[in-house]
Each structure stands twice: as C-alpha cells, then as structure tokens.
Amino acid sequence: MGEESMAVQKFQAVMTMVTVAVLSLADVVLEKAMHKCILKPLKGHVEAMLKHFHVADGSWKQLKENLQLVRQRNPQELGVFAPTPDFVDVEKIKVKFMTMQKMYSPEKKVMLLLRVCKLIYTVMENNSGRMYGADDFLPVLTYVIAQCDMLELDTEIEYMMELLDPSLLHGEGGYYLTSAYGAISLIKNFQEEQAARLLSSEARDTLRQWHKRRTTNRTIPSVDDFQNYLRVAFQDVNSGCTGKTLLVRPYVTTEDVCQLCAEKFKVADPEEYSLFLFVDETWQQLAEDTYPQKIKAELHSRPQSHVFHFVYKRIKKDPYGVIFQNGEEELTAS
C-alpha cells in the first residue's frame with residue numbers, strides 16, 4: 001500500500017506540472033490571439049492619438065529641438081566615456097527601430113529593443129576590451145537615440161510601457177525598456193551645460209508612478225532598480241570572456257551573485273568559481289558575505305574615477321587573488 005500511495009502521489013505531482021504547463025501555454029496563445037484581434041487593428045489609432053497628444057502639449061516640439069541640440073554635441077559632452085557605434089552601426093540600429101514601428105505586439109517590440117541594446121553593449125565592450133555597467137550604458141544609449149533622430153521612439157516606448165504584460169518585464173527586457181525611457185527623458189530635458197548622465201527628479205517620479213500603476217508588487221524593475229544592475233564578466237578557458245547584465249539589489253551578497261552567475265553562465269562546477277573585483281590592476285576575490293552593489297557604489301563615490309570590473313572566474317587559476325573581507329579599509333561592504 002505504501003508503494004502504491006507513493007506512486008499515486010508522484011502521478012498527481014506529474015499531472016499538476018503538466019496542467020500548469022498547459023495553462024501557461026494557453027495563456028501565451030490567448031495573449032497572442034488578443035494582440036492580433038485587438039492591438040493590430042487599433043495600433044494605428046493608438047499611435048495617432050499619442051502623436052496628437054504630444055504635438056498638442058508641445059513636448060514633441062521640445063524633443064525635436066533637443067534632438068538637434070544633442071546631435072551637435074560630441075560624445076564626451078554628453079557624458080559618454082565609452083566607445084560608441086559608428087555610422088554603419090547607427091544605421092543598422094535605425095533600421096531595427098523602423099522595423100519596431102511596424103510591429104503591433106509590445107512583446108516583439110521589446111525583444112527588438114533588447115537586440116538593439118545588446119548590439120550597443122557589444123560595440124562598447126569589443127572596442128575597449130573592458131566591461132561596462134548601467135552608469136556607462138545610459139549616456140551611450142542616449143547618444144545613439146539622438147543620432148537616430150526619430151521622434152516616434154517616444155511613442156514607441158510609451159506603447160511598450162503601457163501595453164506590455166507586467167509579468168514580461170523581468171530581467172534584461174525591463175531594464176532596457178526603463179533605460180530607453182530614461183534616455184528619451186534625458187534628451188527631452190537636455191541643457192547645454194549638463195551631461196546626459198542623470199535623470200531629472202521629474203523623470204524619476206514619472207517612472208515611479210508608472211511602476212505603481214502597472215503592478216501591485218515588486219516583481220518588475222522600477223526606477224529604484226535602475227542602478228541595481230551589475231555587469232559581470234565570465235572568464236573561462238573554453239569560452240573566453242563574455243558578460244551579462246544581472247539584476248542585483250544592494251542587499252544581495254556575493255554568495256548569492258555567484259549562485260546566479262553559475263546559473264546564467266551554465267557552470268557545471270560552481271564550487272570552483274568565485275566573484276572577483278578587478279580594480280587598479282589588482283584582483284580581489286570577494287568574500288561570500290560582502291555586497292557587490294555597495295562596493296560598486298563606494299567606487300563610484302570616490303573623487304577619482306576607477307576602472308573596475310566584476311569577474312566570475314575560477315578560483316584556482318588566479319595566482320594573484322586575495323580574499324576581500326568585510327571591514328577592510330579600502331572598500332566598505334557594510
């Protein structure tokens with residue numbers, strides 16, 4: 001009887017998993033059908049209404065003037081200190097944005113935005129040989145959007161932010177959508193004497209209101225999460241060096257980040273790997289109870305800028321590695 005009971009329980013567990021999978025698939029199919037039946041015929045009307053709204057309130061006039069102003073500035077004047085896409089890459093990005101305009105599905109639009117942003121990251125990192133984080137990415141994205149000179153991107157971002165299912169705003173998709181909104185906001189509020197690195201309080205308030213309206217929980221990135229992304233390089237003898245942008249909140253420890261890296265980079269022997277900080281030509285292996293985001297914030301707050309990278313790599317392969325403990329004088333993790 002005991003074996004039969006266990007068999008029944010296993011069968012019920014399997015059936016529950018199958019049911020959940022079927023329901024999830026049904027939700028996806030239903031959502032796609034609704035997009036086709038409702039959003040597709042309404043897309044032109046929604047875009048026309050958004051355009052009319054922005055023309056009437058004068059925001060598009062301001063955006064058009066500021067796009068021209070920003071395009072006349074060199075990257076350094078915009079706070080850009082990383083390699084930027086060349087003319088050919090900008091044209092490729094502009095084509096992707098034009099393709100995005102033709103789509104009615106907000107999910108497909110976000111996926112195309114994701115490709116654009118990853119292309120920008122690739123250019124930044126391949127042309128410099130270093131990793132960049134959110135603080136460096138936003139000015140470059142702002143510069144690229146200005147070079148594309150497309151007023152319609154403003155309404156495209158609004159369309160995605162308002163119509164995309166909140167459950168789909170996890171991870172990089174939500175991060176890049178928030179980044180795109182931030183870039184447009186920086187252009188709208190651009191002033192000649194400022195660099196395009198910091199969002200205005202008004203833009204941040206708008207993002208908070210959007211987040212509060214669109215979700216009742218904290219499952220998607222909000223403006224408070226905007227800088228809560230950590231760019232981590234993965235160093236491996238077989239695959240070389242790659243990188244991913246991970247959602248890492250201030251209270252997440254190095255141990256947690258290592259577990260996330262092992263999953264994202266598909267590491268078979270995570271016990272052999274650890275998170276290192278490479279700064280001032282020195283490797284520091286971070287202790288498990290330290291907080292990478294607080295370390296990053298402390299480095300950014302220093303009077304002199306430091307080039308630093310977070311690298312997930314094998315422990316035994318690093319002859320220079322030292323353990324970075326809490327309470328050390330150089331970097332505070334508490």
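The values are calculated or read from the model by the stated rules, or taken from the named source; none is laboratory data. In this text, all values refer to a predicted model and were calculated from it rather than measured experimentally. Cβ: placed from backbone, ideal geometry, glycine included. Neighbour counts: every protein chain shown. Keep in mind that these areas ignore ligands, DNA and RNA; they rest on the heavy atoms of the full protein, side chains included. Shrake-Rupley method; radii C 1.70, N 1.55, O 1.52, S 1.80 Å.
A cut-off of 5 Å between modelled amide H atoms, ignoring neighbours fewer than 5 places along the same chain, links residue 248 with 229, 230. Each Lys or Arg adds one and each Asp or Glu subtracts one; over the other residues with Cβ under 12 Å from the Cβ of residue 187, this totals +1.
Accessible surface comparison of 50, 247, probe 1.4 Å, protein chains only, largest first: the order is 247, 50.
Amide hydrogen proximity for residue 312: with H placed 1.01 Å from N in the peptide plane, the residues at 5 or more positions away or on another chain lying under 5 Å are 233, 234, 235, 276. Taken as Cα centroids, the range 36-57 and the range 82-160 sit 23 Å apart, rounded to the nearest whole angstrom.
Using heavy atoms of the protein chains and a probe of 1.4 Å, the accessible area assigned to residue 49 is about 100 Å².
Pairs with C-alpha atoms separated by more than 21 Å, drawn from the list 40/102; 92/188; 118/264; 92/118; 61/109; 36/109, are 92/188; 61/109. A probe of 1.4 angstrom, applied to the heavy atoms of all protein chains, finds residue 231 with accessible area near 30 square angstrom.
Across the range 53-110, the fraction of Cα-Cα pairs farther apart than 17 Å, rounded to a whole number, is 64%. Heavy-atom accessible area with a 1.4 Å probe sorts 248, 307, largest first, into 307, 248.
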